[in-house]
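The values are calculated or read from the model by the stated rules, or taken from the named source; none is laboratory data. If you're wondering where the values come from, they're calculated on a predicted model, not measured in any experiment. Note that each Cβ is placed from the backbone with ideal geometry, even for glycine, and that neighbours are counted across all protein chains shown. Only protein heavy atoms, including side chains, enter the accessible area calculation; ligands, DNA and RNA are left aside. Shrake-Rupley method; radii C 1.70, N 1.55, O 1.52, S 1.80 Å.
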Amino acid sequence: MRGRFAVKDAFLHAYRGYREYALPHDELLPLSSQSVDNFNGWGVTLVDSLDTMLIMGLYDEFYDSMSVISNMSFALKNDSYAPFFETVIRYLGGLLSAHALSHEPVLLAKADDLGRMLLPVFNTSSGLPMYAVNTITGETRSGWASGTVLWAEALSCQLEYKYLAHLTGRREYFDNVEKIMDIMRDANIEEGLFPTKWRLTTAIPYNSQFSVGAFADSAHEYLLKQWLLTSGSEAKAKDLYLRVVNSILKHLLYVSPNRNLLYVTDVDHGVPSHTFEHLSCFLPGLLTLGAHTLPLSPRDRQLHSWAAQGLAYTCWLIYADHPSGLAPDEVVMNAVPYAGNTSYTVDNPSHEYTAGVWLEHVKEWENHGSPGVPPGLEEISPAVSGPRDYLARKPGYLLRPEAVESFYLMWRTTGDEKWRERGWAVFEAIQKETKTPIGYASVSTVEQSPSPQLDEMPSFFMAETLKYLYLLFNDEEIIPLDRWVFNTEAHPLPIFEWTPWEKKQYGIK
Ligand code: DMJ
């Protein structure tokens, strides 16, 4: 397909700018031709980009990078600390994935060094990880949410550390991250409403917010993906995923009152905020992946698939709604509060979806003979000149990957070409609005075209956004979903089976 060459050119453009103006620093500042060290100063964009190079067949660029990688010491000054979550998903995930794709031994050696240097984060009374660690002294530090850990941060290290345990045989890698899984399995949580913040000392919930957005997002991924990565051998992860998804379907999915758009929000003490984050657009991809891999009842498979389809469509429509062709980072939906007494009538479609809770509307729609498509799945026209059924709270587009990640998974799991067309439209908008002479830049508002550019190019743009777009435009499945699992930074890790001695050593039943 035409698109993959254009995406590869985009990657090379960004990479050459980074290499010329930023390496060995972390990220390129694409307007000022400067660099910034915001993730330990070890060259995060390079490590985050390695597997994308291999997937795109950019072997010269990949092998030219090996000398830089071999000299990485992961050292920090006394007053600096590596943020555990970001360091794991970007550096550790990047090294492990590039090793799996290239078999270059230095990459595994570096992953092993880094994995060990980060271990002091687990030295807490509960076993939940501290926010950050000095890789030389082992001293740890809290983040802004002192005394607590975010759900996403506690549950987004299992893929990397379990794979590392499998490659190295080091028991501490498995034990530390499995302890977190045990904490979650044993936690006294109603339904699957796992809150976004947990107390570090006691491992009990700190708040009552349930979300798939910031603070929680990748935790959801790591439940299903642990089960997939280990060839379905860890039922605990699958059971937790199913509990949580049932709660998402029941409590977080709403339909907007005007255009009947399906969206996912968060609740605090059961009250929805009606915020819809770009970050949450990973969810349709995860749901469709689960629907195609899990042993679900026909009913659950249908619900997971419908939710995936409706949510992915809304993620797409919000891009198409804007003059720039890009989507804002966060919107607040113009929702009608759920009164619990809405009566659905086929004759009164304007009243049809006003109450909001998606699952309730699905039930009512089914009670009335399932006319047309399920609630929230109707594909309507974009509203470029308004009115829309939301307001942008964070109007910028930060080169984020979640929507195109879901388009890729929707296309691979359903075979429907429309997701490729939508991905192509997003890529064209990225080219038009965010390209600079030396890279790509986030924009401060998607309402304007040309969009005002910001002096930043996050490493996930090359790790994730361009990788998923490249994969989307390839007929060949370069990374087959039945053999690889993407970590939350889009680094593919190979599915493996625990060997008999590993099962014995790690206590896997
Ligand atoms: C990435 O670093 C990861 O996808 C993370 O899980 C969420 N945020 C960014 C991309 O938006």
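Structural remarks
- Of the numbered criteria (1) more than 27 Å from ALA214 (Cβ to Cβ); (2) open to solvent by 10 Å² or more (accessible area, probe 1.4 Å); (3) part of a helix (DSSP H, G or I), the one ALA98 fails is (2).
- Region 287-324 - residue that is part of a helix (DSSP H, G or I), over 21 Å from VAL255 (Cβ atoms) and touching a residue at least 24 places away in the same chain (Cβ under 8 Å) and, of those, most open to solvent (accessible area, probe 1.4 Å): HIS292
- Test: residue in region 449-456 that is more than 29 Å from SER231 (Cα to Cα) and in contact with an Asp or Glu (Cβ under 6 Å, 6 or more places away or on another chain): yes
- On inspection, ARG400 passes the criterion of being surrounded by fewer than 24 Cβ atoms within 10 Å (Cβ to Cβ) and within 16 Å of the ligand (Cβ to nearest atom).
- Within region 376-397, restricting attention to residues that are hydroxyl-bearing (Ser, Thr, Tyr) and buried (at least 20 other Cβ atoms within 10 Å of the Cβ), the residue that is farthest from LEU252 (Cα to Cα) is TYR397.
A quick yes/no check of all residues on (1) within 21 Å of GLU221 (Cα to Cα); (2) within 16 Å of the ligand (Cβ to nearest atom); (3) of a type in the set (Gly, Ala, Ser):
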residue	(1), (2), (3)
ASP416	no, no, no
ARG422	no, no, no
MET457	no, yes, no
TRP484	yes, no, no
ASN487	yes, yes, no
LEU493	yes, yes, no
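- As a summary of the residue check, MET462 satisfies the conditions (1) within 14 Å of the ligand (Cβ to nearest atom); (2) in contact with a Lys or Arg (Cβ under 6 Å, 6 or more places away or on another chain) except for the one numbered (2).
- Evaluation of LYS435 against the conditions (1) away from the ligand (no atom under 16 Å from the Cβ); (2) within 21 Å of SER449 (Cα to Cα); (3) modelled with pLDDT of 95 or more; (4) open to solvent by less than 50 Å² (accessible area, probe 1.4 Å) shows that the sole unmet condition is (4).
Condition check ((1) open to solvent by 10 Å² or more (accessible area, probe 1.4 Å); (2) assigned to a helix (DSSP H, G or I)) across all residues:
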{"site": "ASP9", "(1), (2)": "yes, yes"}
{"site": "TYR18", "(1), (2)": "no, yes"}
{"site": "LEU23", "(1), (2)": "yes, no"}
{"site": "LEU54", "(1), (2)": "yes, yes"}
{"site": "VAL88", "(1), (2)": "no, yes"}
{"site": "LEU107", "(1), (2)": "no, yes"}
{"site": "PRO120", "(1), (2)": "yes, yes"}
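- Members of region 244-267 that are under 22 Å from the mean Cα position of the chain (by Cα) and open to solvent by 30 Å² or more (accessible area, probe 1.4 Å): ASN246, LYS250, HIS251
- Among the residues of region 83-101, the one identified as out of contact with any helix residue (DSSP H, G or I) (no Cβ under 6 Å at 6 or more places or on another chain) and more than 16 Å from the ligand (Cβ to nearest atom) is ALA100.
- Qualifying residue in region 131-140 (condition: touching a Phe, Trp or Tyr at 6+ places or on another chain (Cβ under 6 Å), within 16 Å of the ligand (Cβ to nearest atom) and open to solvent by 30 Å² or more (accessible area, probe 1.4 Å)): no
- Conditions (1) away from the ligand (no atom under 16 Å from the Cβ); (2) charged (D, E, K, R); (3) surrounded by 15 or more Cβ atoms within 10 Å (Cβ to Cβ): number failed by LYS467: (1)
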